[in-house]
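A short worksheet on the structure shown next.
Since every read-out is calculated from the coordinates, none of them should be taken as a lab result. All values derive from a computational prediction rather than experimental measurement. In this analysis, Cβ positions are derived from the backbone assuming ideal geometry, glycine residues included, and neighbour counts consider all displayed protein chains.
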Amino acid sequence: MSLNFTDRLYFLYLFLASSGLLVRPGRVSNWISWLCINFLCLVALGLLVRNRQHSPTWQFLHDWYPLVMFIVCFEEVSHLSFLLRDAWQDHYLLRLEAWLFPVPPTVWLGRLGSPLVTESMELGYFSYFLLFMIVAGVLYGREDKRAFRQVTDATVLSYLICYAAFILFPTEGPAYTLAAQHDFQLSGGGPFHWAVMLIQKNAGVHGNAFPSAHVAGGVVALMFAWRHAPRLGLSLTPLVILLCLGAVYDRYHYLSDVVAGVVVGAVAAAWPEPLLAPYRPTVPVRTQNSQD
């Protein structure tokens, strides 16, 4: 059973997360549920890896399963915030930004808010949910799928770096720590503002702030777009810039989180190609000389 780089990363994550739940169950109230989810993910991943050579459908499912794992792992890690630490660590970032800025960036940006500004920021933030699918989809449509494999590997790598930081250095973000200074509502009401609020209401988490995994994933997608489809990279650049600004404007992240997310994404995207598992289609290609 051949594992690619993404498979190895997810097997490693699931093993480490499950080990943490078993060793320190008292730190996670719903640890049994997450242990069961991890087991199901391991079984599903094993089936995908084993059967990907049997048909194009299995191959397709194996190539794109990270889309589901992005959601599952991000949600799980938010429940592991106190697996190793006893308290949020935001005070370090608050102290740094207080030294750098007279007004916290999230407060300063909020005071510039207007319905147009809010909708523009939400457009950028909402684009995160599509960036990987757009870039990976374009690269997947090519005959040589090594670039697709590499953008997937780099994206998963960037997320796992963020997950490790979430557990080692848990932070809850300015929406909680600076709530007293957010004495004004972010005016909005447009479709992107509505969509982001809907996602946050139903799938938002408490924690997972430093570094911004959303920014990291967006930077990886953008760098691969510029590398393999420059016109696409040019069109996506304004969205990634708005994503970075929107993460602060919406009070989800400190500016420090965004900067750290950019660094993580850039490092993952620049990961040496020989270390990323090459894409080798495992479905046999039929030729005229092939026999039934």
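Between the Cα long axis of helix 5-23 and the first principal axis of the chain there is an angle of about 60°, rounded to the nearest 10. Here region 86-242 is treated with +1 on each Lys and Arg Cβ and -1 on each Asp and Glu Cβ, and its dipole about the Cα centre works out to around 520 debye.
On the beta carbon distance between Met197 and Phe60, with R0 = 25 Å, the FRET formula returns roughly 0.15. What the Cβ-Cβ distance of Arg95 and Leu42 gives, at R0 = 35 Å and to the nearest 0.05, is a FRET efficiency of 0.30. Residue separation of Leu234 and Leu168 scaled by 0.36 nm, minus their Cα-Cα distance, works out to 20.2 nm of gained length. Within region 116-217, list the trypsin sites (Lys or Arg not before Pro) lying in a DSSP loop whose Cβ has at most 14 other Cβ atoms in a 10 Å radius. Those satisfying the criteria are Arg142.
Loop-located chymotrypsin sites (Phe, Trp or Tyr not before Pro) across region 98-202 with a Cβ neighbour count of 15 or fewer within 10 Å are Phe184, with loop assigned by DSSP. Can you give the local net charge around Pro191? Use residues other than it whose beta-carbon is closer than 14 angstrom to its beta-carbon, Lys and Arg +1, Asp and Glu -1. Neighbourhood net charge equals -2.
Selection among Gly190, His214, Val156 by position relative to the dipole of region 135-257 gives Val156 as farthest towards the positive end (Cβ unit charges, Cα centre).
Around Gly246, under 13 Å between beta carbons, what's the net of Lys plus Arg minus Asp minus Glu among the other residues? Around Gly246, the charge tally is -3. For region 82-90, 3J(HN,Hα) computed residue by residue from phi via the Karplus equation (6.51, -1.76, 1.60; θ = phi - 60°) reads 10, 5, 10, 10, 9, 7, 5, 10, 4 Hz, glycine and proline entered as x.
Residue-wise HN-Hα couplings along region 249-261, as the Karplus relation 6.51 cos²θ - 1.76 cosθ + 1.60 with θ = phi - 60° gives them from phi, are 4, 7, 6, 7, 9, 6, 4, 4, 4, 5, 4, 5, x Hz; Gly and Pro carry x. When the helices of the chain are scored as -39500 (n - 2.57) per DSSP H run of n ≥ 4 and the total is divided over every residue, the value at 222 nm lands at -22500 deg cm²/dmol.
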